[in-house]
Amino acid sequence: MCIETGQFEKLLLAKLFVFLFFHNLPFLPILILAIIGFENRSFSKKYTAFTRAVAVKGILMCGDRPAGGVKVKIFDEDSGPDPDDVLDEGYTNPDGSFFLKGSERELTNIDPKFKIYHDCDDGIKPGQRKVKITVPDSYISSGGIAKRVFDIGVINLEGKYHNEERDLF
């Protein structure tokens, strides 16, 4: 049997992963892939990470006025030691509209969130109100360009939202 260059390494890695998985060490294959990926970028690009993309658009209002100049951000929310990845950020246009898009390479699927940082109907309280919206999985695209855009429509920031927080920094 003739094995092509690179096939032997793949076969060896596959056998190692199966061994580790069946010996109750399922996290080690991912750790090994991550280490190999950091050491060998060409291996990382081919075998360890998948590019996912997302885009969000909408219009923000503060009562009956457009909420221009409001900070908006989309990011990949990660758990554990991996920090969240900002995919795109910016400010709303004078008419309150915005369009954000971004992509990220991850070992697993991305968990995109959209955040709005604003002072609408906030008085003189310190910091800004922060609203976080989960982008549905159906708007996550494979590859570097979003194939669908999550349109949040028109949001009136005067309202109080369930998981609203304050951003003091």
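Sort 53-61, 118-126 by the packing proxy (mean of other Cβ within 10 Å over each peptide's residues), most packed first.
On the way: 53-61: 21.3, 118-126: 12.3.
Ranked from most to least packed, the peptides come out as 53-61, 118-126.
Calculate one ³J(HN,Hα) per residue across segment 142-157 by plugging θ = phi - 60° into the Karplus curve 6.51 cos²θ - 1.76 cosθ + 1.60, and present them in order as whole Hz with x for glycine and proline.
3J(HN,Hα) across segment 142-157, in whole Hz: 6, x, x, 10, 5, 8, 10, 10, 7, 9, 7, x, 9, 10, 8, 6.
Coordinate-derived values only; no laboratory data. Worth saying up front: this structure is predicted, and the values here are computed from it rather than measured. Heads up, the Cβs are rebuilt from the backbone with ideal geometry, glycines too, and the neighbour counts pull from every protein chain shown.
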